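To start, the structure itself, in structure tokens.
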Amino acid sequence: MHSDERRLHPFSLLFALGTGAGRFLLPGLLVLFAARRGEWDQWQMWISILIVPYAVASLLKYLTFRYQFRPDELVIRSGMIFHNERHIPYERIHNIATVRNILHRLLGVADVRLETAGGQEPEARIQVLGMDAVEEMRRRVFSERRMAAAAAGADGAGDASDTVPGAEMEPAGTTLVAMSPWDLALFGLVDNRGGVVVAAALGIFFEMSWQFGFTDRWGFAPTRLLVPFFDRSVDMLPGSGVVAAVLAGLVGLFAVLRVLSMGWAFVNLYGFRLSLVGRDLSCVHGLFTRIATSIPLHRVQVVVVRERPLHRLLGCVEVKVETAGGGSVGEGEQQRKASQQWLAPLLPKERLAAFLSVVEPGLDLDALPWEPVDPRASVRILKREMIGAALIPLALVYYIRWWAIPLFLVLLVSGWLQSRHQPERMGYATPAGFVAWRSGWLWRKISIARASKIQSVAVSESPFDRRYAMAGVTVDTAGAGSSVHRIRIPFLDRARALDLAAALAGRAEATEFRW
Amino acid sequence: METNSTGLPAAPPGPESEPVPAAPPVLAGPRLPVADSVADGVERPVDPRAILLNRMVTAIVAASILSGELFALLIVAVSARPPLWVLGLASAGWLATLGLFLWLVVVWPTLHHRHQAYRVGAGRIEIRSGVFWRRIVSVPRSRIQHIDVAQGPIQRHLGLAKLILHTAGTDNAQVELDGLAHETALRIRDHLVSGGPDDAL
């Protein structure tokens, strides 16, 4: 029972111009226009000659794209000269993500990405489909997937699911997290994405200032702009000029960064809504570009809960998830797509335990049997901090001169405080089926992973560890590339470390891992 | 906690304590008996010829670096005619590099070999390595995505091989064990690959 072959939405042509080689088509046309007026160089002619066939080829690829629903798989065909046929079994499709920027939304289309299970499974990006075609795809793929799963029997995800074979529509799902604009403003305040915005802006500024010659004699653009500004502000402030100006500058910088951060949050996370649909987490967010993805619960590798000092002030936490899985034909497993996504950018702390028990069924955050690290950890942390307190001012003394002494004192005090408080906040827990690790005094983090997601366990001893007969245990998981908090448990008594590693490896052995 | 002489705890009784069945006779080629000799949970060092391998590789690297340095030194001495103290300093540097490589060729391989061991149990493999920064990595059998047995030219000449375990992890996406005898590496691979009912893939 094959369906008819479907084509891309007609507007795909428009979007093809915006991506990849299509990007060269418009500038190429502009160059040709310039050529008419006689203002062109040799190289521009060559580039326009070379680009046009390339652009035409990629346009043809979009024009010849077609897909078809077969009983067990989706078949995608593309290409006129070089034919490509891709078969994607429905049961391998774990996620149909849509990305819609303003143009997509105006025209009622979406950029669709099919994400698949790990291994050498193909995936596909379809640009663009109309929203009704997207709905049809979702309906067909997920109902087939559910039927196949029901036929094959329950999988090892660990909870009873309410799959309805042959259901036409997706169930509505329960909303877990919904962020209002006020929540987003708070998030922006806490998170400090302003740095990202400023870095991007600085990059653009540097580029443009090189173009227009707006640099000082060392080629450093911002000073030409900032120094007069600084001078003027020093004049404006009464009294002791420079110090006040520096302080005001810092406060101003802080404020500007936080405002930018709130803007970033507003644009990227507007309307953030996380819901549980069957056994998938469905996440929608974005103001101009709307992104809709779904994360099957069993693809969650590690859940990371973060609590900055500002979070504690507001009584909130941030929950992120590390997922992995999905790859393309020909890629090695090192390039397997891994991502860190927000489950809850800002969540009231009292709701955390309930939230986690939904995301990781079987986890009871409040009842975790936390075990502390070895008490000698505080001595070791103190030593480490003292060395840092001695060396860092020494290294910087050329630049900051006598300011090195207060710096040294500050580092000394902070090091002592850290050695007192950090070991109290460090702990690990190994309840049935999970491993958890928490650390951090002011910036607190908790990482939780299922035993079935443990890939390997390592016990490591540095020469310093050996002096104290201590060791550290590292739990390796998939997709932890840019993790903020890897499960690395230091400062354990050596025998305990070996026991813990053996226990965790044993649990990993006893469980099945699937992407 | 009972430990054997190498410091690793005695192999805990695994979830399956019955002996691992021999691999099914599907593949062509001689299949050596797997279970008893390899997966017995006993920790053993890698092949002693690994020391020779290490020495040979380091010697080759040392020879090329040292000769390059000497060549550069001679060219500078002849063409630029620097003062004597600069020549003395440069020669001292070259001698220091020579000393370092001598240590790396003579002392380091035995030291490294002494701290390298592996243990294959019923459901996992543990690899111990490192002299100053020591590590013991445990990889459950069900988490191994695939296994490579690799041989460079010197390893082929000495009859050694390197076992590379690929996992889905990030830091330990690849776990390597170098200096195994070739047949041992093949046997370990066959044992780890031949699946039980709890295999993931």
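The values are calculated or read from the model by the stated rules, or taken from the named source; none is laboratory data. Since we're looking at a predicted model, the values are computed, not measured. Glycine also receives a Cβ, built like all others from the backbone with ideal geometry; neighbour counts cover every protein chain displayed.
Per-structure values
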| item | result |
| --- | --- |
| Boolean, B:Pro19 is surrounded by 13 or more Cβ atoms within 10 Å (Cβ to Cβ), touching a helix residue (DSSP H, G or I) at 6+ places or on another chain (Cβ under 9 Å), at pLDDT below 90 and over 30 Å from B:Leu89 (Cα atoms) | no |
| Which listed residue, of B:Ala185, B:Ala168, is more than 17 Å from the chain's Cα centre (by Cα) and without any contact (Cβ under 8 Å) to a residue 40 or more places away in the chain | B:Ala168 |
| Members of segment A:292-308 found to be at pLDDT below 90 and either out of contact with any helix residue (DSSP H, G or I) (no Cβ under 9 Å at 6 or more places or on another chain) or in a loop (DSSP other than H, G, I, E, B) (or both), listed by number | A:Ala292, A:Thr293, A:Ser294, A:Ile295, A:Pro296, A:Arg299 |
| Residue among A:Val321, A:Val317 that alone is in contact with a helix residue (DSSP H, G or I) (Cβ under 9 Å, 6 or more places away or on another chain), more than 30 Å from A:Ile88 (Cα to Cα), part of a strand (DSSP E or B) and modelled with pLDDT of 85 or more | A:Val317 |
| Single unsatisfied condition, A:Gly481 versus (1) part of a helix (DSSP H, G or I); (2) within 14 Å of another protein chain (Cβ to nearest Cβ); (3) surrounded by fewer than 19 Cβ atoms within 10 Å (Cβ to Cβ); (4) small (Gly, Ala, Ser) | (1) |
| Single residue of A:Ile49, A:Ile76, A:Ile88 found to be in contact with a Lys or Arg (Cβ under 6 Å, 6 or more places away or on another chain) and either modelled with pLDDT of 85 or more or among the aliphatic types (A, V, I, L, M) (or both) | A:Ile76 |
| Matching residues, segment A:358-414, being in contact (Cβ under 8 Å) with a residue 40 or more places away in the chain, exposed (fewer than 12 other Cβ atoms within 10 Å of the Cβ) and small (Gly, Ala, Ser) | A:Ala367 |
| Residues of segment B:106-159 classified as more than 27 Å from A:Thr474 (Cα to Cα), of a type in the set (Lys, Arg) and touching a helix residue (DSSP H, G or I) at 6+ places or on another chain (Cβ under 6 Å), total | 0 |
| Failed item, numbered, when A:Tyr428 is tested on (1) within 26 Å of the chain's Cα centre (by Cα); (2) surrounded by fewer than 14 Cβ atoms within 10 Å (Cβ to Cβ) | (2) |
| Subset of segment A:484-501 that is assigned to a helix (DSSP H, G or I) and buried (at least 23 other Cβ atoms within 10 Å of the Cβ) - its residue that is nearest to the other protein chains (Cβ to nearest Cβ) | A:Ala501 |
| Residue check, B:Ala161 farther than 22 Å from A:Gln455 by Cα and either away from chain A (no Cβ under 14 Å) or in contact with a His (Cβ under 7 Å, 6 or more places away or on another chain) (or both) | yes |
